[in-house]
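Asker: Handing you this structure, nothing more for now.
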Amino acid sequence: MEARELICIGCPMGCSLRAEIKESQVISVTGNTCRHGEEYAKKEVTNPTRIVTSSVKVEGGKLGVVSVKTREDIPKEKIFAVIKELKDVRVQAPVSIGDVIIKNVAGTGVDVVATRNN
Amino acid sequence: MLHYDIVIVGGGPAGLAAAVSAKEHGVESILVLERDQELGGILNQCIHNGFGLHTFQEELTGPEYAGRFIEQAEKAQVAYKLNTMVLEISKDKVVTVMNGKEGMFEIQASAVILAMGCRERARGALNIPGYRPAGIYSAGTAQRLVNMEGFLPGRQVVILGSGDIGLIMARRMTLEGAKVHVVAELLPYSGGLKRNLVQCLDDFNIPLKLSHTVVDIDGKDRVKGVTIAKVDEGRKPISGTETYYPCDTLLLSCGLIPENELSQSLGVELNPVTSGPFVNECFETNVEGVFACGNVLHVHDLVDFVSKEAASAGKHAAAYVKYKGKHPAVVSKDIPIVPESGVRYTVPKTINPDRMDEKHTIRFRVDKVYKNCYISVYLGKERIIYKKRPIAAPGEMEEVIFHKELFQAVPDLSKITIKIEEA
């Protein structure tokens, strides 16, 4: 049986996790202090994902940019594809928290939404 | 003169949580003073995720977390003034304030809550030799430029210091198309959270060099490169270990310092370890009716804990206003909490069993990395808490919880000791 030591990125607690792996499946997770840790370890071993946060240009707003995020986590290898799609996006003010900026970004099935009002 | 029961200096996460809580506890007359053009404080530029898991059981970005508290404050009809700077607070709680619309004016407060936050340690405090070219920024300044103003301050980047903002900016600059060559950290361990080492450096193959520092900055008008060298145990650069990195930008993430100039002129006594005020379990400073919370009190890793602490400060400030400073339950003395081996400080500094809530969280930091240690609490000679920690590091705040009944069993207690005991 194989084991991997991981650090949970679910929240700033950063629990040290140990995932036991059999036939590339996680069979047990220890060291986590909440359910997020178990989910994270399972994903990190089989299909690592991240929430991507960035900003896009805004026209006519109080600030020149508005912060955005992928509403859910996306596969880690798609991070730069998401960033590339965001690069040339321009939105018109007003923008509110939760407004969809891009639907189905980089073919991930996940939307990019605004995270502040502008 | 204007009068408010509670004046709160700072409209960031601490100020907002304190305001909402004070309102909930029955004080109507509250004024928040904020020097920026909007509420929310530093969270507005922290666009990364990871905020709010404790408070809202969901993962939010900084602006979203701030948004929740701004909404609560608006709903509670908390009064606030933006673009307004507090110049001075006198011992009798007259707050001298200035803004562009109303000029300079005074406000009489019954209680004051200090929630000014912290600022970054600047180059001048780091004694880095070399010229003073353009291209040297604190990590937080770069964060504001990228995330709020929409400018990328550089393309080839070296980061000194592995504080969380530096790690977050290593990722952010990378995503925006810059190349981050290295993060150098003077100490043998990182000052940031472990999760940020994973998701900000490891994910992007950015090297972290521990026990390294910048020994020279090259370039007269604009940064052309920096020289990094290994340091010995005394943190002195070791000759012959220098590496030159061509770059156009140096970001500094070398620690945060509570911003306490106002507190000092008010006569608030500061803890030299945290650079924040000494407070009792009500978050009240040595100046009666003056409370402190958030990063002005001690620098936090998690805003969730800031919100919790600040809500408690708001509640106690409300009680202070209600009881006019004379808490009816108090008969015994405040008991000092003494940090010993391994524990650098505690917040609060004292606790009063008559006045405390059913349970109270004591927060502190350790002085170095410990593995498989115990956090021990002694009442006199008796050890009442013995909490095992697989790992304890200075970059991650620790806590123990005191229950009121602990103290009822031991009257006439002269001190409480917290220490790290190695297994």
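Asker: Can you find, within the stretch B:175-194, the residue that is most open to solvent (accessible area, probe 1.4 Å) among those that are away from every other protein chain (no Cβ under 14 Å) and not β-branched (Val, Ile, Thr)?
Answerer: B:Pro188
Asker: Would a scan of the stretch B:341-353 turn up a residue that is closer than 30 Å to B:Glu421 by Cβ, within 21 Å of the chain's Cα centre (by Cα), within 14 Å of chain A (Cβ to nearest Cβ) and crowded, with 18+ Cβ neighbours inside 10 Å?
Answerer: Within the stretch B:341-353, none of the residues are closer than 30 Å to B:Glu421 by Cβ, within 21 Å of the chain's Cα centre (by Cα), within 14 Å of chain A (Cβ to nearest Cβ) and crowded, with 18+ Cβ neighbours inside 10 Å.
Asker: Just need a number here: residues in the stretch B:99-152 that are open to solvent by less than 40 Å² (accessible area, probe 1.4 Å), on the phi > 0 side of the Ramachandran plot and either of a type in the set (Asp, Glu) or out of contact with any strand residue (DSSP E or B) (no Cβ under 7 Å at 6 or more places or on another chain) (or both).
Answerer: Selection size over the stretch B:99-152: 2.
Asker: If you don't mind, another one. Which pairs turn up if I take residues in the stretch A:41-54 that are among the acidic types (Asp, Glu) and look for partners that are in a loop (DSSP other than H, G, I, E, B) with beta carbon separation below 6 Å, at least 6 apart in sequence or on another chain?
Answerer: none
Asker: Within the stretch B:48-59, which residues are open to solvent by less than 10 Å² (accessible area, probe 1.4 Å) and either of a type in the set (Phe, Trp, Tyr) or more than 8 Å from chain A (Cβ to nearest Cβ) (or both)?
Answerer: Result: B:Gly52, single match.
Asker: Now for a different question. Hey, among the residues in the stretch B:383-397 that are open to solvent by 40 Å² or more (accessible area, probe 1.4 Å) and within 14 Å of chain A (Cβ to nearest Cβ), which one's nearest to B:Gly163 (Cα to Cα)?
Answerer: So the residue we want is B:Ile391.
Asker: Among the residues of the stretch B:291-307, write down those that are in a helix (DSSP H, G or I) and within 14 Å of another protein chain (Cβ to nearest Cβ).
Answerer: B:Val303, B:Asp304, B:Phe305, B:Val306, B:Ser307
Asker: If you take just the strands (runs of 3 or more DSSP E) that sit entirely in the stretch B:237-288, which of them hold at least 1 residues that are open to solvent by 10 Å² or more (accessible area, probe 1.4 Å)?
Answerer: B:243-246, B:256-258
Asker: May I ask you to list the residues in the stretch B:365-387 that are of a type outside the set (Ser, Thr, Tyr) and touching a Phe, Trp or Tyr at 6+ places or on another chain (Cβ under 6 Å)?
Answerer: The answer is B:Val369, and nothing else.
Asker: For B:Thr174, state whether it is in contact with a Phe, Trp or Tyr (Cβ under 6 Å, 6 or more places away or on another chain) and among the polar types (S, T, N, Q).
Answerer: yes
Asker: Among the residues of the stretch B:354-366, write down those that are open to solvent by less than 20 Å² (accessible area, probe 1.4 Å) and not basic (Lys, Arg).
Answerer: Answer for the stretch B:354-366, where residues must be open to solvent by less than 20 Å² (accessible area, probe 1.4 Å) and not basic (Lys, Arg): B:Met356, B:His360, B:Ile362, B:Phe364, B:Val366.
Residue by residue, here is whether (1) more than 30 Å from B:Ser162 (Cα to Cα); (2) surrounded by 15 or more Cβ atoms within 10 Å (Cβ to Cβ); (3) more than 14 Å from chain A (Cβ to nearest Cβ) holds:
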| position | (1), (2), (3) |
| --- | --- |
| B:Lys368 | no, no, yes |
| B:Lys371 | no, no, no |
| B:Ser376 | no, yes, yes |
| B:Lys381 | yes, no, yes |
| B:Glu399 | no, no, no |
| B:Leu413 | yes, yes, yes |
| B:Ala423 | no, no, yes |
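Asker: Looking at (1) modelled with pLDDT of 95 or more; (2) under 23 Å from B:Gly255 (Cβ atoms), can you tell me which one B:Ile113 breaks?
Answerer: Going through the list (1) modelled with pLDDT of 95 or more; (2) under 23 Å from B:Gly255 (Cβ atoms), B:Ile113 breaks only (2).
Asker: Oh, and also: Would you confirm whether or not the stretch A:23-31 contains a residue that is within 14 Å of chain B (Cβ to nearest Cβ) and either in contact with a strand residue (DSSP E or B) (Cβ under 9 Å, 6 or more places away or on another chain) or buried (at least 19 other Cβ atoms within 10 Å of the Cβ) (or both)?
Answerer: Within the stretch A:23-31, one or more residues are within 14 Å of chain B (Cβ to nearest Cβ) and either in contact with a strand residue (DSSP E or B) (Cβ under 9 Å, 6 or more places away or on another chain) or buried (at least 19 other Cβ atoms within 10 Å of the Cβ) (or both).
Asker: Also: Can you list residue pairs whose Cβ atoms sit under 8 Å apart, with the first residue in the stretch B:321-343 being of a type in the set (Ser, Thr, Tyr) and the second being part of a loop (DSSP other than H, G, I, E, B)? Count only pairs 6 or more apart in sequence or on different chains.
Answerer: Every condition considered, the pairs that remain are B:Ser332/B:Asn352; B:Ser332/B:Pro353; B:Ser332/B:Asp354; B:Ser332/B:Pro411.
Asker: Please count how many residues of the stretch B:374-399 are assigned to a strand (DSSP E or B) and over 23 Å from B:Val330 (Cβ atoms).
Answerer: Residues in the stretch B:374-399 being assigned to a strand (DSSP E or B) and over 23 Å from B:Val330 (Cβ atoms): 16 in total.
Asker: Now for a different question. Go through the stretch B:131-158 residue by residue and tally those that are within 21 Å of B:Gly255 (Cα to Cα), over 21 Å from the mean Cα position of the chain (by Cα) and away from chain A (no Cβ under 13 Å).
Answerer: Count: 6.
Asker: Out of the residues in the stretch A:50-96 that are basic (Lys, Arg) and open to solvent by 80 Å² or more (accessible area, probe 1.4 Å), state the one that is nearest to the chain's Cα centre (by Cα).
Answerer: The selected residue is A:Arg71.
Asker: I'd like the residue in the stretch B:197-221 that is touching a strand residue (DSSP E or B) at 6+ places or on another chain (Cβ under 9 Å) and polar (S, T, N, Q) and, out of all such residues, is farthest from the other protein chains (Cβ to nearest Cβ).
Answerer: B:Thr213
Asker: Test each condition in (1) within 14 Å of another protein chain (Cβ to nearest Cβ); (2) of a type in the set (Gly, Ala, Ser); (3) within 23 Å of the chain's Cα centre (by Cα) for B:Gly166 and report the one that comes out false.
Answerer: Status for B:Gly166: all satisfied but (1).
Asker: Is it the case, given these coordinates, that A:Asn47 is within 22 Å of the chain's Cα centre (by Cα) and loosely packed, with under 15 Cβ neighbours inside 10 Å?
Answerer: yes
The values are calculated or read from the model by the stated rules, or taken from the named source; none is laboratory data. On a predicted model such as this, the values are computed, not experimentally measured, just so you know. Heads up, the Cβs are rebuilt from the backbone with ideal geometry, glycines too, and the neighbour counts pull from every protein chain shown. Surface areas here come from the heavy atoms of the whole protein model, side chains and all, with no ligands, DNA or RNA. Shrake-Rupley method; radii C 1.70, N 1.55, O 1.52, S 1.80 Å.
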